[in-house]
Each structure stands twice: as structure tokens, then as C-alpha cells.
1. Can you put 114, 72 in order of Cβ neighbours within 10 angstrom, beginning with the fewest?
2. Using only alpha-carbon positions, what ratio does the radius of gyration of segment 59-120 give when scaled by 2.2 N^0.38 Å?
3. Tell me, how many Å apart are the Cα centres for segment 24-52 and for segment 56-116?
4. What would the Debye formula give as log10 I(q)/I(0) at q = 0.21, 0.24, 0.28, 0.33 Å⁻¹ for the alpha-carbon point model of segment 43-90, no solvent?
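All of the numbers you see were taken from the coordinates with simple rules; none came from a lab. Nothing here was measured: the structure is a model prediction, and the numbers come from that model. Cβ sites come from the backbone with ideal geometry, for glycine too, and all protein chains shown count toward neighbours.
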Amino acid sequence: MSEDNTLNLNGQSETNADAAVEITPEMQGFYQRADAIIGVANSQLGDEAHSGQVGASLLYAAARYSASVASIGFVKGDDFAKEKDDIVEFYVKQYRQMLSDNLTDYAQNFDKYININKTS
């Protein structure tokens, strides 16, 4: 059996027998960007900020950046404002799915992730 490169939900490499998603260059870039952003967030942890504070800042940054991205292509603020509800619905749906997938993955790998966090 061939062992094609694939990713599980948390971006870890698996064999074809264990996974359903083939790694594409776009997916590799997606996970690399996400990991880099998580690295920046982790670097903010310390005496001045705990994980809840860093998480709140990260969530705010994602919302701020998403608003900027959503505005691309609009010529007038009024037209952009008319689309607000649809834009919010789109981003909330995306976030809900990503959060749900990551919570499931974290629950399934809880002991492994807890041990990783203790050694870091």
C-alpha cells in the first residue's frame, strides 16, 4: 500500500490508511500561516499576559483583520455596511466549524496535548 502524505484535523502528517485528506501546497501554506500566528500568540505569554488575555487579543485581531479582508472590493462604505449581516454570518459559520473541529481533535488527543504543553 502506498503512503500518500495526508493531514489530520490538526495538520499532523498521517498515512493514507489513517486519514482522508491529501496535503496540497495550499493546505501546507494554510497550516504554516496558522502555526506562525499561534507562535506569535504563544510568544506573548508571560508575566504580563496569561492565555486568556492573549486569546482575547488574538480573537480581536482575527475580527479586525477579517473586517479588513471583507471590505476588499467595495467602493462605498454604505454598500459594505449593507452586507454586514451576511459577512458576520459567513465568518461566524467558518469559526464555529473550525472551533468545533479543533475541540474534537483536542478532546481525542487530550493526554498527548497536555503532555506536550507540560514539556514546552
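1. 72, 114
2. After normalising by residue count via 2.2 N^0.38 Å, the value is 1.63.
3. Taking the Cα centre of each part, segment 24-52 and segment 56-116 sit 15 Å apart.
4. With one equal scatterer per Cα and no solvent, log10 I(q)/I(0) is -0.73, -0.84, -1.01, -1.18.
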